[in-house]
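K.L.:
This is the structure I have questions about; it appears just below.
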Amino acid sequence: MSGRNEKLISRRRIRLDRTASRIWAVFRGILILGISFIIIYPILNQLSLSFMTARDLYDATVRFIPREVTYENFVIAFNRMNYLRALINTFLVSSLLGLLQLLSSLIIGYGFARFQFKGSNILFALVILSLLIPPSLIMLPLFLNFRFFTAFGILPEPGINLIGSSWPLVLLALTGTARRNGLFIFIVRQYFKGMSENLEEAAYVDGAGPLKTFFMIMMPNAVPILIIIFLFSFVWQWNDLFYSHLFLRGSSLLSLNLQRMTSAYFQQGVEPFIDGAHMANVSNAAILMYIIPLLGLYALLQSYFVESIEKTGIIG
Amino acid sequence: MDIKKRISRLSLDQRKSVLGILFTAPFTVGFILFLLYPIIQSVIFSLSDLSIVEGGYEIDFVGLSNYSEALFIDSYFRRIFIDTFIRLLLELPAILIFSFFAAILLNQKFRGRMLARVLFFLPVILGAEIIIRLGQAHYMEQAMQLGQGAFFDVEAIGEFLNQLMLPPELTEYVLAAIDDFPEIVRSSGIQILIFLAALQSIPSALYEVAHIEGATGWETFWKVTFPMVSPMILVNFIYTVIDTFTAPDNQLLTYIQNIAWGSGDYGISVAMSWFYFLAIAVLLIIVFVSVSRYVYYES
């Protein structure tokens with residue numbers, strides 16, 4: 001009698017559990033859809049606005065779907081941003097700095113993960129500290145040091161002007177002190193700390209030196225996190241306005257040109273004046289053209305990004 | 001050759017420490033030249049009147065006047081400073097709670113999980129600066145009264161909360177958080193990534209044991225998931241503070257930059273940056289000391 005009762009209760013419970021999990025699945029689906037919508041809403045909005053004419057923008061009956069589809073906004077944005085040239089420049093600068101940051105954080109992070117030495121903990125604390133320093137604190141001294149660059153006393157006064165070239169950013173990237181570079185050093189260190197040392201010991205026993213071990217054994221293993229770090233540094237350089245504004249003045253970079261374009265309705269020597277509403281559409285088109293290469297890159301590398309999170313070893 | 005011979009004569013420990021110093025040398029050099037030296041210079045600048053002259057710059061020692069100017073005379077700086085801090089203190093818990101929750105969602109098994117993850121991490125790719133541009137474009141529309149309306153009807157939710165007789169401060173906070181929700185979602189990308197990695201690193205054996213012992217989902221969450229993830233709450237906390245404080249759309253940073261490049265008051269701008277840096281440092285130390293006591297470490 002009691003056995004039958006228990007069976008009944010447990011069956012009822014299973015049914016209840018199943019309904020609960022079904023309700024939760026629906027609720028979860030709605031939540032995820034909603035949040036995803038919030039994230040892509042601005043992009044969708046831009047997309048619709050960038051194909052609109054100024055007249056459509058003023059017309060309150062036009063919502064999302066433009067009445068007359070126009071490519072004019074893209075043409076104007078293309079010309080005013082000097083798009084092709086800026087795209088190539090931005091791509092080259094971002095790739096160069098991304099690779100250099102990758103290399104330096106890899107070497108430095110590996111050093112922190114594998115070799116203990118006097119003061120290594122203090123040095124690592126300084127890496128974290130480097131993330132905390134507000135850029136505005138050192139912006140001016142850095143600018144002046146690179147403007148009158150004497151290689152810290154080696155070159156004669158007043159030194160050479162490195163502003164406007166990639167050299168300041170290259171030097172920062174090579175020494176692991178570029179913006180947020182400390183984060184990459186941290187990730188690399190955590191990753192190698194989580195890896196077993198047997199592999200290296202075997203390599204040492206077989207007579208490989210530390211450099212050979214590092215490049216032949218450890219680096220190939222770290223490819224997923226290397227791709228993530230490259231993606232981050234590439235994208236952050238692409239989006240950077242602060243350091244680009246400071247050191248790469250006058251260069252034709254997408255971020256700089258986009259800013260110049262949206263802040264000035266009238267550019268001397270280029271085309272006539274464009275009124276505010278029309279300019280809003282043009283800048284929407286410009287922003288889309290600015291993010292499309294990034295979206296492409298993300299689509300290409302997203303599987304590394306999404307699937308290999310656990311491999312980053314952020315969790316030591 | 002000579003160096004090689006000398007290294008091979010060292011003991012294993014000594015060799016390891018030499019290698020460590022060599023591998024980390026780029027950062028040591030970079031830290032001294034591009035962080036420490038500029039920081040010392042910035043202290044000097046903040047105590048002086050700096051002017052750019054032909055072929056270099058000149059500094060005039062003026063004592064603490066830049067600091068007192070920033071603190072007592074520039075009332076706008078004071079206001080913006082306090083504003084930035086309050087905003088951060090309000091946004092921090094919202095970002096942490098949201099990213100924790102989002103990570104739990106993305107860690108569950110459902111169809112389209114990969115697509116959802118790709119979308120959730122999208123804001124990391126579309127960096128903060130470009131988002132501001134998106135925002136500015138919206139202001140233009142709103143100025144022309146063509147806005148497509150807010151996501152949520154905040155007033156209706158406010159009335160509902162008022163009817164629940166909750167304390168008005170709490171109601172206000174919830175309303176502000178709802179109003180800022182898109183902003184919070186967009187600044188949580190990395191935090192979600194970190195929490196997700198932490199969730200995936202919890203050994204499944206722990207959940208099995210909890211299940212066998214008859215723990216409910218609620219108990220499992222508080223007794224297993226939460227303690228195991230707690231170190232990452234600290235990491236995310238610190239990351240969020242850094243991210244908000246050094247974000248390019250940070251009002252205070254923009255103001256300091258304008259002071260330096262717009263009006264040429266370099267000394268004052270550096271003095272302001274020092275106040276700012278000290279404030280972050282104090283905040284982080286307080287949090288670190290008070291939170292790390294409650295963090296659970298496995299080993």
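The rows are residues; the columns are (1) more than 12 Å from chain B (Cβ to nearest Cβ); (2) among the charged types (D, E, K, R); (3) touching an Asp or Glu at 6+ places or on another chain (Cβ under 8 Å).
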position	(1), (2), (3)
A:Gly159	no, no, no
A:Asn198	yes, no, no
A:Glu201	no, yes, no
A:Tyr204	no, no, no
A:Gly209	no, no, no
A:Phe215	yes, no, no
A:Ile227	yes, no, no
A:Leu256	no, no, no
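K.L.:
Out of region A:196-238, which residues are surrounded by fewer than 16 Cβ atoms within 10 Å (Cβ to Cβ) and closer than 30 Å to A:Arg179 by Cβ?
P.N.:
Correct list: A:Leu211, A:Phe215, A:Met219, A:Pro220, A:Asn221, A:Val223.
K.L.:
Filter region B:220-242 for residues that are more than 9 Å from chain A (Cβ to nearest Cβ) and under 26 Å from A:Asn239 (Cα atoms); which is surrounded by the most Cβ atoms within 10 Å (Cβ to Cβ)?
P.N.:
Among residues in region B:220-242 that are more than 9 Å from chain A (Cβ to nearest Cβ) and under 26 Å from A:Asn239 (Cα atoms), the one surrounded by the most Cβ atoms within 10 Å (Cβ to Cβ) is B:Asn236.
K.L.:
Just one of the numbered conditions (1) at pLDDT 85 or above; (2) closer than 29 Å to A:Gly182 by Cβ; (3) part of a helix (DSSP H, G or I) is not true of A:Lys118; which one?
P.N.:
For A:Lys118, the exception is condition (3).
K.L.:
With respect to A:Leu57, determine if the residue is in contact (Cβ under 8 Å) with a residue 60 or more places away in the chain and not assigned by TED's automatic domain parsing to the domain that holds A:Arg249.
P.N.:
On the way: in contact (Cβ under 8 Å) with a residue 60 or more places away in the chain: yes; not assigned by TED's automatic domain parsing to the domain that holds A:Arg249: yes.
It is true that A:Leu57 is in contact (Cβ under 8 Å) with a residue 60 or more places away in the chain and not assigned by TED's automatic domain parsing to the domain that holds A:Arg249.
K.L.:
List the pairs whose first member sits in region B:29-40 and is assigned to a helix (DSSP H, G or I), whose second member is β-branched (Val, Ile, Thr), and whose Cβ atoms are under 6 Å apart, counting only residues at least 6 apart or on separate chains?
P.N.:
These pairs meet every condition: B:Val29/A:Thr175; B:Gly30/A:Thr175; B:Gly30/A:Thr177; B:Phe34/A:Thr177; B:Leu35/A:Thr177; B:Pro38/A:Ile138.
K.L.:
Assuming A:Leu174 fulfils every condition listed in (1) within 19 Å of the chain's Cα centre (by Cα); (2) within 28 Å of B:Gln251 (Cβ to Cβ); (3) at the interface with chain B (Cβ under 7 Å from one of its Cβ atoms) apart from one, which condition is it?
P.N.:
(2)
K.L.:
Kindly list, by first and then second residue, each pair from a residue in region B:196-221 that is over 17 Å from A:Asp17 (Cα atoms) to a residue that is acidic (Asp, Glu) and surrounded by 14 or more Cβ atoms within 10 Å (Cβ to Cβ), limited to pairs with Cβ atoms under 9 Å and residues at least 6 apart or on different chains.
P.N.:
So the pair list comes out as B:Leu196/A:Glu310; B:Ala197/A:Glu310; B:Gln200/A:Glu310; B:Ser201/A:Glu310.
K.L.:
Filtering region B:60-116 down to residues that are touching a residue at least 60 places away in the same chain (Cβ under 8 Å) and β-branched (Val, Ile, Thr), which residue is nearest to B:Leu278 (Cα to Cα)?
P.N.:
Of everything passing the filter in region B:60-116, B:Thr84 is nearest to B:Leu278 (Cα to Cα).
K.L.:
So which residues in region A:122-133 are surrounded by fewer than 20 Cβ atoms within 10 Å (Cβ to Cβ) and either modelled with pLDDT under 90 or under 11 Å from B:Phe23 (Cα atoms) (or both)? Steps first, please.
P.N.:
The initial filter retains those residues of region A:122-133 that are surrounded by fewer than 20 Cβ atoms within 10 Å (Cβ to Cβ), namely A:122-123, A:125-126, A:128-129, A:131-132.
Of everything in region A:122-133, those that are surrounded by fewer than 20 Cβ atoms within 10 Å (Cβ to Cβ) and either modelled with pLDDT under 90 or under 11 Å from B:Phe23 (Cα atoms) (or both) turn out to be A:Ala125, A:Ile128, A:Leu129, A:Leu131, A:Leu132.
K.L.:
Separate question: Which residues, counting only those in region A:112-169, are among the charged types (D, E, K, R) and either within 26 Å of A:Phe214 (Cα to Cα) or not assigned by TED's automatic domain parsing to the domain that holds A:Glu200 (or both)? Before the answer, list the steps.
P.N.:
Going through region A:112-169, the residues among the charged types (D, E, K, R) turn out to be A:114, A:118, A:147, A:157.
Once the filter is applied, which keeps residues that are among the charged types (D, E, K, R) and either within 26 Å of A:Phe214 (Cα to Cα) or not assigned by TED's automatic domain parsing to the domain that holds A:Glu200 (or both), region A:112-169 yields A:Arg114, A:Lys118.
The values are calculated or read from the model by the stated rules, or taken from the named source; none is laboratory data. Owing to the predicted nature of the structure, the values given are computational and were not obtained by experimental measurement. Glycine also receives a Cβ, built like all others from the backbone with ideal geometry; neighbour counts cover every protein chain displayed.
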